[in-house]
Amino acid sequence: MDFELERMAIMGLALAAGALVKGATGMGLPLIALPVLATFFGLHHAVGIMAITQIVTNGMQIWQFRAARREDSMNFLPLFLATGAVGVVLGTWLLRNLPERVLIFSLGVLLLAYFGLKVSRPHLAVSAAMARRAGPAAGFGSGVLQGATGISAPVGVTFIHAMGLDRAAHVYAVSAMFLTLGLVQLPSLIVGGIMQPQWVIEALLAMIPILIFMPVGQALAGKLSRRAFDLMILIFLGLMGLKMVLGI
């Protein structure tokens with residue numbers, strides 16, 4: 001019983017931390033919470049829970065920042081999202097057919113690669129023209145990662161962040177990506193026989209700390225610098241990626 005309470009407390013803290021970061025930056029919930037959930041539940045279970053929370057939270061944020069959809073910088077999104085949807089289907093097939101250890105190790109490598117890229121190239125910039133050309137490839141890669149590991153940020157968010165958008169446009173673009181991939185991933189998990197009915201209830205329970213702490217993150221966004229949040233994300237991702245690669 002004590003172990004069960006301890007496990008639930010750790011998962012609640014992971015969801016709360018992810019919600020804080022997502023509220024402030026538009027991303028971070030799967031990056032922070034999914035590796036923790038995968039440790040306790042297994043990757044398939046964790047991906048199923050996060051697929052539902054992803055749809056709800058990003059639906060909320062895309063509505064909040066909907067004014068940004070009119071900006072010229074959003075011209076890359078249609079093809080980016082379309083190829084991402086295709087990538088999710090392939091990624092879900094990989095989730096079903098590859099050993100879980102291979103996927104967890106791969107996710108750890110991707111997290112470390114994301115960490116290394118953010119440290120070594122903090123000012124990497126993608127022009128609007130480059131975004132339109134490279135967007136379909138980045139979208140496809142994001143979709144494959146989303147389907148296979150539940151986390152698309154190492155490709156998708158890195159690409160969007162490199163465009164140097166203002167906060168509203170950044171959150172809108174990232175939320176549009178996460179929402180689209182989630183809407184494709186959930187039925188793919190069901191058709192693939194991965195999703196279990198009880199996971200829906202668990203996902204709804206997971207929304208409790210998320211809905212509490214996302215507004216807190218939004219409030220803190222005006223008081224803490226983006227650099228401070230990025231640093232917290234990077235430290236967590238580096239440690240979690242190392243843990244997943246080493247299998248500890």
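The values are calculated or read from the model by the stated rules, or taken from the named source; none is laboratory data. Keep in mind that what you see is a predicted model, and the values were worked out from it rather than measured. FYI the Cβ positions are ideal-geometry reconstructions off the backbone, even for glycines, and counts take in every protein chain you see.
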Residue within segment 81-101 that is surrounded by 14 or more Cβ atoms within 10 Å (Cβ to Cβ), polar (S, T, N, Q) and in a helix (DSSP H, G or I) present: yes
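Rundown of residues vs (1) of a type in the set (S, T, N, Q); (2) modelled with pLDDT under 90; (3) in contact with a Gly (Cβ under 7 Å, 6 or more places away or on another chain); (4) surrounded by fewer than 19 Cβ atoms within 10 Å (Cβ to Cβ), yes/no style:
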residue: 180; (1), (2), (3), (4): yes, no, yes, no
residue: 211; (1), (2), (3), (4): no, no, no, yes
residue: 227; (1), (2), (3), (4): no, yes, no, yes
residue: 232; (1), (2), (3), (4): no, yes, no, yes
residue: 240; (1), (2), (3), (4): no, yes, no, no
Residue count for segment 63-78, restricted to those that are surrounded by 17 or more Cβ atoms within 10 Å (Cβ to Cβ) and more than 24 Å from residue 23 (Cβ to Cβ): 1
Residue ID - farthest from the chain's Cα centre (by Cα), chosen from residues in segment 75-120 that are of a type in the set (Phe, Trp, Tyr) and modelled with pLDDT under 85: 105
Lone unmet requirement of (1) within 20 Å of residue 43 (Cβ to Cβ); (2) assigned to a loop (DSSP other than H, G, I, E, B); (3) free of Cβ contacts under 8 Å to residues at least 60 places away in the same chain for residue 141: (2)
Close pairs from segment 204-221: first farther than 14 Å from residue 20 by Cβ, partner modelled with pLDDT of 90 or more and not in a helix (DSSP H, G or I), Cβ under 9 Å, at least 6 apart: none
Matching residues in segment 185-198 - criterion: being surrounded by fewer than 22 Cβ atoms within 10 Å (Cβ to Cβ) and assigned to a helix (DSSP H, G or I): 186, 187, 190, 191, 197, 198
Matching residues, segment 17-62, being under 20 Å from residue 184 (Cα atoms), surrounded by fewer than 23 Cβ atoms within 10 Å (Cβ to Cβ) and small (Gly, Ala, Ser): 59
Any hit, segment 102-110, residues being under 19 Å from residue 243 (Cβ atoms) and either surrounded by 23 or more Cβ atoms within 10 Å (Cβ to Cβ) or of a type in the set (S, T, N, Q) (or both): yes
Residues of segment 6-52 satisfying the condition of being under 10 Å from the mean Cα position of the chain (by Cα) and of a type in the set (Gly, Ala, Ser): 18, 26, 28, 33, 51
Residues satisfying the stated conditions in segment 1-44, i.e. charged (D, E, K, R) and at pLDDT 80 or above: 22
